[in-house]
Amino acid sequence: MFDGRDLDEAERLVDEWQAGFEQRAAQARALSTRLAALTATAESEDGLVKVTVGASGGISDLTLKEEIRDQPAATTARLILTTMRAAQASLATAATEATAETVGVDSETGKAIIASYAARQGSADD
């Protein structure tokens, strides 16, 4: 039923499949490490607000210059939110770059990661 060539071919195919799986797993681990370390910082146009977001998109640092006191609280709040969204957009860009360099943006994993960051940005705009 099987001759030596068929078994050799089957073994080669299994080895290729395993090597491909191991490579994809290593790429996914590398991407996970890179994404976990991502941060992004944005500064308002007037320089009064500086926001840094961590890997999850949440604020990890907020700096307000003293001159911020010269404006209404509502203006300050809008400025903080706008600057935070700019930092989150930079984070999504950095995540896309990391994804492209590891698993590729066209891979199923890459598409899922990019969609996840896009969804986070969309929910931040609500």
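The values are calculated or read from the model by the stated rules, or taken from the named source; none is laboratory data. Note that the structure is predicted; figures quoted are calculated from it, not measured. FYI the Cβ positions are ideal-geometry reconstructions off the backbone, even for glycines, and counts take in every protein chain you see. Surface areas here come from the heavy atoms of the whole protein model, side chains and all, with no ligands, DNA or RNA. Shrake-Rupley method; radii C 1.70, N 1.55, O 1.52, S 1.80 Å.
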Report task. State which residue pairs qualify: first residue of a type outside the set (Ser, Thr, Tyr) and inside the range 17-45, second residue modelled with pLDDT of 95 or more and open to solvent by 60 Å² or more (accessible area, probe 1.4 Å) in any location, beta carbons under 6 Å apart, and separation of 6 or more residues or different chains. Result -> Glu43/Lys50
Query raised in the report: Quick one: in the range 49-106, which of the residues that are more than 24 Å from the chain's Cα centre (by Cα) and hydroxyl-bearing (Ser, Thr, Tyr) is nearest to Gln23 (Cα to Cα)?
Result: Thr76
Report summary line: Of those in the range 1-37 that are in a helix (DSSP H, G or I) and among the acidic types (Asp, Glu), the residue modelled with the highest pLDDT is Glu22
Query raised in the report: Listed residues Ala30, Ala26, Ala42, Ala36; which is within 27 Å of Glu101 (Cα to Cα) and surrounded by fewer than 11 Cβ atoms within 10 Å (Cβ to Cβ)?
Result: Ala36
Report summary line: Note on the range 38-49: residues hydrophobic (A, V, I, L, M, F, W, C) and part of a loop (DSSP other than H, G, I, E, B) are Leu38, Leu48
Query raised in the report: Out of the residues in the range 50-90 that are part of a loop (DSSP other than H, G, I, E, B) and among the polar types (S, T, N, Q), which is most open to solvent (accessible area, probe 1.4 Å)?
Result: Ser56
Query - Qualifying positions in the range 99-111 - assigned to a helix (DSSP H, G or I) and open to solvent by 60 Å² or more (accessible area, probe 1.4 Å) - result: Glu101, Glu108, Thr109, Lys111
Query raised in the report: Taking Thr52, is it of a type in the set (Val, Ile, Thr), touching a residue at least 40 places away in the same chain (Cβ under 8 Å) and within 13 Å of Ser90 (Cα to Cα)?
Result: no
